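Undergrad: Provided herewith is a single structure, encoded as structure tokens, for subsequent inquiry.
The values are calculated or read from the model by the stated rules, or taken from the named source; none is laboratory data. Keep in mind it's a predicted model, so treat the numbers as computed, not measured. Note: ideal-geometry Cβ built from the backbone for every residue, glycine included; neighbour counts use all protein chains shown. For the accessible areas, the whole protein counts, side chains as well, though only heavy atoms, and no ligand, DNA or RNA atoms are used. Shrake-Rupley method; radii C 1.70, N 1.55, O 1.52, S 1.80 Å.
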Amino acid sequence: MSTVLDLHSHSEASEDSRAPLEAYLNWLKLRRSERPVDGIVLTEHRQFNKNADYRALEDRFGILVLKASEVETDYGHMLVFGVTDEMTRRFDFADVHLPAQLFIDEIARMGGIVVPCHPGRPHVGLFEHYANRPPLENVVAVEVYNGGSRKGEDERSLELARRFGYRQIGGSDSHLVSLIGLCATRFEAEVRSIEDLVNELKRGAYEPVDFRPRRKPVQPAVAVEVK
Amino acid sequence: MPQSQRKYEDVKVGDALGPQELFLSKEQVRAYARTTGMWVPRFTDDEGARKEGLPGMITPGNMSLALLSKLVTDWLGSSDARLVRVGTTYRQPVLPDHTIILQGFVTHTNDADRTADMDIWIENEEAERLVIGTATVQFGKS
């Protein structure tokens, strides 16, 4: 049984989002036919909400809700899955200059996994840092579909992933209710907990999936000579 | 075209605002800049904007905010509702002399205070979201 999870989303706990979790889940329920997502992972900016309990909402909507974090490192933004007390004691998640290599290695040693997100994005993505600095070691996967990507960013991310042999995930990076679930990751196995998710990201079979609607570009106006 | 008289009871999560397609000309942007006292090169002149590191003249953020506010008030029509909050995030410059698309969705309703929350945004021709935001409208008592 496969599982489709949106691995990157921000609720109103992030300073730049106004999306309540309940509204996200309601939206996914309404849009189930076009965004068949089984669950979402809240990756709030520079924090981990250890005590948040979403079980009542999970039961009400039948959608899995897991917790992770998005941190800022000297190689760009990264998602952290499987966050523990040991990790938040070891690192200040609010630090916007976390040392990426040490962070990746230490989080792995403590049982979690770090996945660089939107690596093709200027300034905050891995790709730009690789242009000037040596590549990081022990990167397992990167996010290649990001719902907030501008033109060319996902393509750069895919190129990076292929060149370095990274595995690939997708996430909406939603900050608005109606954007949740636009990109996601399909796991071959069933994922029902954060432990399952970390195990699958490290060793399982998965692929990014893209539910964004395609719009034909508006054609430029053509001047017509009137006789 | 007669304006709608939207009622709170008819509003549902998932209702769409727009899409409204609009060709935003440089002259319109200059007119806005002139009217609002924002006559600076980035909003009025390609060459001056490029000197500031921009790709060309751009649309003032307040004008984007106004266009999105109008999307909401057009949707409300002549009903007794009012726009009580609007907020935006500017992701990419809105370049004039291009077609933009204004769009939104109702994302939440609250029966107790008769409000509706909505996502709103401006896209370019390639479906990139240039400005995103949220708004809240409140309807009068029935």
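Undergrad: Among the residues of segment A:121-142, which ones are hydrophobic (A, V, I, L, M, F, W, C) and in a loop (DSSP other than H, G, I, E, B)?
TA: Answer for segment A:121-142, where residues must be hydrophobic (A, V, I, L, M, F, W, C) and in a loop (DSSP other than H, G, I, E, B): A:124, A:131, A:136, A:139, A:140.
Undergrad: Follow-up. Could you look through segment A:164-218, keep only residues that are within 11 Å of chain B (Cβ to nearest Cβ) and not in a loop (DSSP other than H, G, I, E, B), and pick out the one that is farthest from residue A:67 (Cα to Cα)?
TA: In this case the residue turns out to be A:178.
Let's see how each residue does on (1) at pLDDT 95 or above; (2) crowded, with 24+ Cβ neighbours inside 10 Å; (3) not polar (S, T, N, Q):
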{"position": "A:174", "(1), (2), (3)": "yes, yes, no"}
{"position": "A:177", "(1), (2), (3)": "yes, yes, yes"}
{"position": "A:195", "(1), (2), (3)": "yes, no, yes"}
{"position": "A:200", "(1), (2), (3)": "yes, no, yes"}
{"position": "A:209", "(1), (2), (3)": "yes, no, yes"}
{"position": "A:219", "(1), (2), (3)": "no, no, no"}
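Undergrad: Considering only residues that are part of a loop (DSSP other than H, G, I, E, B) and buried (at least 24 other Cβ atoms within 10 Å of the Cβ), which ones fall in segment A:143-163?
TA: Hit for segment A:143-163 is A:147, nothing else.
Undergrad: Could you please give the count of residues in segment B:41-79 that are touching an Asp or Glu at 6+ places or on another chain (Cβ under 6 Å) and under 11 Å from residue B:94 (Cβ atoms)?
TA: Selection size over segment B:41-79: 1.
Undergrad: Quickly run through segment A:111-137 and pick out the residues that are small (Gly, Ala, Ser) and surrounded by fewer than 17 Cβ atoms within 10 Å (Cβ to Cβ).
TA: Once the filter is applied, which keeps residues that are small (Gly, Ala, Ser) and surrounded by fewer than 17 Cβ atoms within 10 Å (Cβ to Cβ), segment A:111-137 yields A:111, A:131.
Undergrad: From the residues in segment B:108-129 that are touching a helix residue (DSSP H, G or I) at 6+ places or on another chain (Cβ under 9 Å), modelled with pLDDT of 95 or more and open to solvent by 10 Å² or more (accessible area, probe 1.4 Å), which one is farthest from the other protein chains (Cβ to nearest Cβ)?
TA: Here the answer is B:114.
Undergrad: If a residue has to be among the hydroxyl-bearing types (Ser, Thr, Tyr) and within 21 Å of residue B:24 (Cα to Cα) to count, how many in segment B:86-134 make the cut?
TA: So the count comes out to 4.
Undergrad: Among the candidates A:81, A:61, A:127, which residue alone is in contact with a Lys or Arg (Cβ under 7 Å, 6 or more places away or on another chain) and under 24 Å from residue A:20 (Cβ atoms)?
TA: A:61
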